[in-house]
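The values are calculated or read from the model by the stated rules, or taken from the named source; none is laboratory data. All values derive from a computational prediction rather than experimental measurement. When we count neighbours, we look across all protein chains shown, and the Cβ atoms used for this are built from the backbone with ideal geometry, even at glycine. Accessible surface is based on the protein model in full, side chains and every heavy atom, while ligands, DNA and RNA are left aside. Shrake-Rupley method; radii C 1.70, N 1.55, O 1.52, S 1.80 Å.
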Amino acid sequence: VHGVGYRVAMSLLSLSRLPENGAEVSLRVRTVVREDAFDLYGFLSAVEEDLFLQLTSVSHVGPKMGIAVLSGLEVDELVAAIAKGDVARLTKIHGVGKKTAERLVLELKDKMKLLGSAGAPAAKGAKKASPKSDLVSALVNLGYKEAQAEQAAQLAEERAGADAAFELQFREALKALRG
């Protein structure tokens, strides 16, 4: 940006999905401010970003551990493992011990059921969720009921257009939910 480069940490799975060098890419970026650093974390979808936020809400799971967890399993597989309480599967992720895996399950099991039903990619090798499912997931994670989120996403798609940027559709969906 204007001659300044930024280092953005991403999961290994997201890095593997980036286009060739020089090609345009759109990332969702979270800034984490600490006493000694400003760290940037990038995501290819709203679902992945939402999952990162859920992971880092667990005690003793910081942003670096959140990225490590996202690097270990596809988003849909991770959601399923946590929802099912599959501690053994979670401990196979590099850096995740038994206590951390148990904490993830204990604190996120119910939230993962919501996230899983709100738009995580269903197919095992899915590249990314559809923009509409990302929008529904984001709204559900803000506390709206899934049916409300679906209606708002549909209305936003009609108002802004199916090819509109996520941010524009998100604003339109929030307007629909408020009005």
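Some observations on this one:
- Selection status of ALA120, assigned to a loop (DSSP other than H, G, I, E, B), open to solvent by less than 70 Å² (accessible area, probe 1.4 Å) and at pLDDT below 85: yes
- Within the range 7-24, the set of residues being surrounded by 10 or more Cβ atoms within 10 Å (Cβ to Cβ) and aliphatic (A, V, I, L, M) comprises VAL8, ALA9, MET10, LEU12, LEU13, LEU15, LEU18.
- Residue, nearest to LYS132 (Cα to Cα), within the range 62-78, restricted to residues that are in contact with a helix residue (DSSP H, G or I) (Cβ under 7 Å, 6 or more places away or on another chain) and open to solvent by 10 Å² or more (accessible area, probe 1.4 Å): VAL75
- Hey, ALA80 under 24 Å from LEU142 (Cα atoms) and in contact (Cβ under 8 Å) with a residue 12 or more places away in the chain or not: yes
- When we screen LYS92, LYS109 for residues that are surrounded by fewer than 19 Cβ atoms within 10 Å (Cβ to Cβ), touching a Gly at 6+ places or on another chain (Cβ under 9 Å) and modelled with pLDDT under 90, the only hit is LYS109.
- Within the range 16-36, residues that are over 20 Å from PRO131 (Cα atoms) have Cβ atoms under 9 Å from residues that are part of a loop (DSSP other than H, G, I, E, B) and open to solvent by less than 90 Å² (accessible area, probe 1.4 Å) in these pairs: VAL32/GLY62, counting only partners at least 6 apart in sequence or on another chain.
- Selected residue (criterion: most open to solvent (accessible area, probe 1.4 Å)) from residues of the range 37-47 that are in contact with a helix residue (DSSP H, G or I) (Cβ under 8 Å, 6 or more places away or on another chain) and without any contact (Cβ under 8 Å) to a residue 60 or more places away in the chain: ASP39
- Close Cβ contacts (under 6 Å, 6 or more residues apart or on different chains) running from residues in the range 156-179 that are open to solvent by 60 Å² or more (accessible area, probe 1.4 Å) to residues that are modelled with pLDDT of 80 or more comprise ARG159/GLU172; LEU168/ALA160.
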